[in-house]
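K.L.:
Please find one structure pasted underneath; my questions will follow.
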Amino acid sequence: MTATITRGLTGVGAALAIAALLVLSSGKNPLVAYEALAQGAFGSPDRIAVALNKVAPYLLTALGVALCFRARVINIGGEGQIALGGLGAAWVALTIPAAPPVVLVVLSALAGAVAGAMWAGLAALIRLTRGVHEVLVTLLLNFVGVLLVAEALHGDLGEPGAGFPQSPLLERGAWLPKLVKGTDLHVGIVIAIVAVFVVHRVLWHTPFGFRLRVRGASEKAAAYAGIDMHRSFMGVMLISGALAGLAGAIDVLGVHYRLIEGFSSGFGFTAVSIALIGGLSPLGVLPAALFFGFLETGALAMQRAVGVPSPLVSVIQGLTMVFVLAAIALGGARRRV
Amino acid sequence: MLEMRGIEKSFGAVRANRGIDVSIPAGRIVGLLGENGSGKTTLMNVLFGMVRADAGTITFDGRPLVHHTPHDAIAAGIGMIHQHFMLVPAMTVAENVMLGWEDAGAWLRHDAVAQRIAETSTAYGLDLDPHAVVGALSLGAQQRVEIVKALLRGARLLVLDEPTSNLSPPEVARLLPVLRKLRAEGRSVVFISHKLQEVLDLCDEVIVLRDGAVAGACPVAGATRETLATMMVGRELPPPLARVETTPGREVLIVSDLRALDDAGVERLHGVSFSVRAGEVFALAGVDGNGQAELADVIGGLREAMHGSISIDGDDVTHATVTRRLRAGLAHVPADRATTGLVSAMTIAENLALRESDAPPFRRGPWLDLAATRALADERIAAYGVRAEGGDALVATLSGGNQQKVILARELGRRPALLLAAQPTRGLDPGATRFVIDQVLALRAEGAAVLYISTELEEVMAVADRIGVMFGGRLVGVVSRDDADLTTLGLMMAGAA
Ligand SMILES: Nc1ncnc2c1ncn2[C@@H]1O[C@H](COP(=O)(O)OP(=O)(O)OP(=O)(O)O)[C@@H](O)[C@H]1O
Ligand SMILES: [Mg+2]
């Protein structure tokens, strides 16, 4: 455990140090840049709220990815599943706007989870019946999922005369409740953190989680253990799709209050990075998601204040990933699964 | 040639090597013996630089080896062949030899290397095709690839960690002359084995470890299996359990006209029929590769039967899932322990739960019952003499023999109606082998049916009521225990009777 924490912190430190050199080489003072970054991330309750709102969908999606990767199911379809989740949530919210507020928001969020699960389930079905590898299927379904959202927004779900592919504003009753009055912070982060502990519990304390770990460790041992490879594949894909779908719903119901074309852009792959940096463990994914969320939130402020281009943040994320993964590879020859 | 002095190595609370002194003279084959977990592999890993010793010195050919890596060890002239091979199955023999070898050049000189492999192979009678894909080779041939690798890298001391435990007798018979030839050239060999007869036939002297320390060393001349075994265990092995007379009861396992393909889609089992009764041990002898592995897989539910049927206690399980077979009373000790029988990155406790995580005591309500699992693990560790820190130890940290004991503890501990055991004593020391045989006989006395697959004739003779011999994917003969003699069985195994 302490080794894991040290590894993570070392990775982050090394990445920040190298990025500092890059800032320096572009003629800016890295200390000033990092201060702006920190200000942008933690400077005010509002900034923190923005960051935590970003963390919630990352966390949910990365949890699903971690679970899949553990079971050696390479689901990289987070983006499409998020897109469908947002679509499902917006569709329900727009279809039954008159429903009582609590019912409306709960149903919309659930619809998001169901839609995400169905999208992942479709990928699983193609994998299991047609034998196309899940990397390919989930990747390609990302494009289809994003296009489905666009299609809906250009059609029935679009706001007439908006000039931009987006849905009308959702009924207030469908908005996620705020966690802290006067800020934008919504309950998504709480849902995501609860999900962390639920997934942790499932992975380490249920026969289902045990089967996932066995199947990820050795296919032969899984067959010998009597694990139904198809069922567990479908199971983990559905769970992971539901988590991603919920993430999409939370983003729509909590941040935008409407469905917007491209709202899910980049989320899926960020979630994969977070899952990997988190060592594919639910508890490890939590700090990794926080890191990514706050870093990205601070980045824009840094760009505004110092003129350091915000893509530098992608560099820091990439370097962190390289360092942490290298440390895991070096220290983890006898890692427990 | 090699001097190791005061080697100390602990893993947590386990002291694997506690001040070991050994010296290996040039031109000798030295047997390294010891019970499972006595520290043989650890000592050799220290020598090869795979594991850093806590204390002690190593001198090889007059030069000290300190803080060395396997790479340094190879450069110094030490070759090591591990219990589990370190080859890339998808690559050819030549590619495997070139892997990580500086003499192969920055630009790989494929043909030159292939040429040298062919030469070495002829010189030592290794019979290797440099262009063959390693994954398609038999275990014996893969081992010879490892030997070629070591020789081409200029090994003057070759360490073989249990080289014969996965080999069939004919493969062993072709390995031993190779090692003798190395000795004749002035090279030395460290030979780790639990098969005492082999050690007596091959080695010049033996070093015996017990509990991480040297328990004795002696020349082989004058030693017998009994004296060696006593040195290893520190006391005399008790006599084997007396076989109680049982009257075989109902037919528990009925296999009829079974056919199956191997992984490559070639038919390896051509219609095998037999039955095993309650209170009876039916042993299948035969050289590895004559269909036993496929037969065991099909009965265990790991391979589809192409034709024929299997029933357990009257229940037709020909196409049943593994779980249903388990419920029908089947216990299965698979021949492949590393990736089928165990998940080495999980704990001992989890591995005991491997096949029944859905049932008590491993499960309570919707949850895994970790406390009960751990308690069971502690109990089994004690009952089966597994050398481990506790139920939470990762299986990967156990010695080879102790890993095998974990499988046995899980499968035998279930008190099954039918035991399917494939090479169950592979890698076990003589004491543990005796323990397994005693356990099998105890199951038999309780009325279980046992199908015992082994390439070790001696073991087969010790446990079996009836002995069947497989050759070329067929059951070529069945003899009862009283009529069996080694010569006839040997002829049958060679397909000559
Ligand atoms: N990496 C490790 N971590 C923890 N314990 C270990 C590790 N490697 C070995 N051990 C322990 O050290 C002891 C000696 O193991 P070793 O593999 O040297 O035995 P061995 O004599 O080769 O046995 P075998 O005949 O079964 O192969 C065992 O108790 C084993 O559990
Ligand atoms: Mg060993």
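The numbers here are math on the coordinates, done by the rules we state, and not lab data. Everything numeric in this text was worked out from a predicted model, so none of it was measured. Glycine also receives a Cβ, built like all others from the backbone with ideal geometry; neighbour counts cover every protein chain displayed.
K.L.:
For peptide B:352-362, how many partner chain Cβ atoms fall within 10 Å of a residue's Cβ, on average?
P.N.:
For peptide B:352-362, the averaged partner shielding equals 4.
K.L.:
Going by the alpha-carbon gyration tensor, a ≥ b ≥ c the square roots of its eigenvalues, is region B:346-415 rounded (a/c under 1.5) or, if a/c is not under 1.5, prolate (a/b greater than b/c) versus oblate?
P.N.:
It comes out prolate by the Cα gyration axes.
K.L.:
Would you work out the charge dipole size for the protein assembly as shown about its Cα centre, treating the Cβ of every Lys and Arg as +1 and the Cβ of every Asp and Glu as -1, and quote it to the nearest 20 debye?
P.N.:
1580
K.L.:
Is it possible to state the helix-based mean residue ellipticity at 222 nm for chain B, with each DSSP H run of 4+ residues giving -39500 (n - 2.57), the sum divided by total residues, to the nearest 500 deg cm²/dmol? What is it?
P.N.:
That calculation yields -9500 deg cm²/dmol at 222 nm.
K.L.:
Here is a further query. List the equivalent ellipsoid semi-axes of the protein assembly as shown in whole Å, largest first, each obtained as the square root of 5λ for an eigenvalue λ of the Cα gyration tensor.
P.N.:
56, 35, 24
K.L.:
Let me know the charge dipole size of region B:346-415 about its Cα centre in debye, to the nearest 20, where only the beta-carbon of Lys, Arg (+1) and Asp, Glu (-1) is charged.
P.N.:
The dipole of region B:346-415 has a size of about 220 debye.
K.L.:
With unit charges on the beta carbons (Lys and Arg positive, Asp and Glu negative) and the dipole taken about the Cα centre of the protein assembly as shown, which residue among A:VAL146, B:THR455, A:LEU128 sits farthest to the positive side?
P.N.:
Highest projection toward the positive end goes to A:VAL146.
K.L.:
Within chain B, which complete DSSP H helices have Cα atoms spanning at least 15 Å along the helix axis and a mean Kyte-Doolittle hydropathy of -0.5 or higher?
P.N.:
Span-like helices here: B:110-124, B:139-152, B:169-184, B:370-383, B:400-412, B:430-445.
K.L.:
If you take the square roots of the eigenvalues of the alpha-carbon gyration tensor of chain B and sort them as a ≥ b ≥ c, do you get rounded (a/c under 1.5), prolate (a/b over b/c) or oblate?
P.N.:
Prolate.
K.L.:
Further question: Would you please give the FRET efficiency between B:THR321 and B:ASP257, computed as 1/(1 + (r/R0)^6) with r the Cβ-Cβ distance and R0 = 22 Å, to the nearest 0.05?
P.N.:
Calculated transfer efficiency: 0.50.
K.L.:
Would you work out if chain A is rounded, prolate or oblate? Take a ≥ b ≥ c from the square roots of the eigenvalues of the alpha-carbon gyration tensor; rounded if a/c is under 1.5, else prolate when a/b is larger than b/c, oblate otherwise.
P.N.:
oblate
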